[in-house]
Amino acid sequence: MKITYELYDKDCEPLMTLEGKEYISPIGSDVYFIDEQEDTKKQVYICVEFTSIVTSYSYSIHEDTLHVNCELIEDLSEHDESQLRKYNKIKYKRK
């Protein structure tokens with residue numbers, strides 16, 4: 001079974017997704033999202049980090065994946081939003 005941690009803002013908009021390992025954080029616990037992406041062609045390096053709280057779980061039988069849904073604790077600043085856009089653009093460009 002895969003474990004996927006999904007970060008949402010307070011309006012339930014998806015922000016980012018990271019793969020977990022074996023540990024499943026309990027509902028109500030804090031989860032720290034940190035990841036980095038690099039585009040060597042454009043010489044861009046982005047590191048994002050956010051603190052969230054686990055709000056719920058959902059399990060996909062078809063994907064055999066447990067989704068751990070997390071909500072951002074603080075609102076995103078304009079800088080955070082800009083960094084997150086760049087991060088996602090680089091991350092999903094590779095796939």
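The values are calculated or read from the model by the stated rules, or taken from the named source; none is laboratory data. Since this is a predicted model, take the numbers as computed values, not measurements. All Cβ positions, even for glycine, are placed from backbone atoms using ideal geometry, and neighbour counts span all protein chains on display.
Starting from the range 1-14, take each residue that is closer than 20 Å to residue 85 by Cβ and list its partners that are small (Gly, Ala, Ser) and modelled with pLDDT of 95 or more, counting only C-beta distances under 7 angstrom and pairs at least six apart or across chains.
7/52
Identify, please: which residue in the range 1-25 is within 11 Å of the chain's Cα centre (by Cα) and acidic (Asp, Glu) and is, among those, farthest from residue 63 (Cα to Cα)?
9
In this structure, is residue 36 of a type outside the set (Gly, Ala, Ser) and under 13 Å from residue 6 (Cβ atoms)?
When the stated conditions are applied, residue 36 does not pass them.
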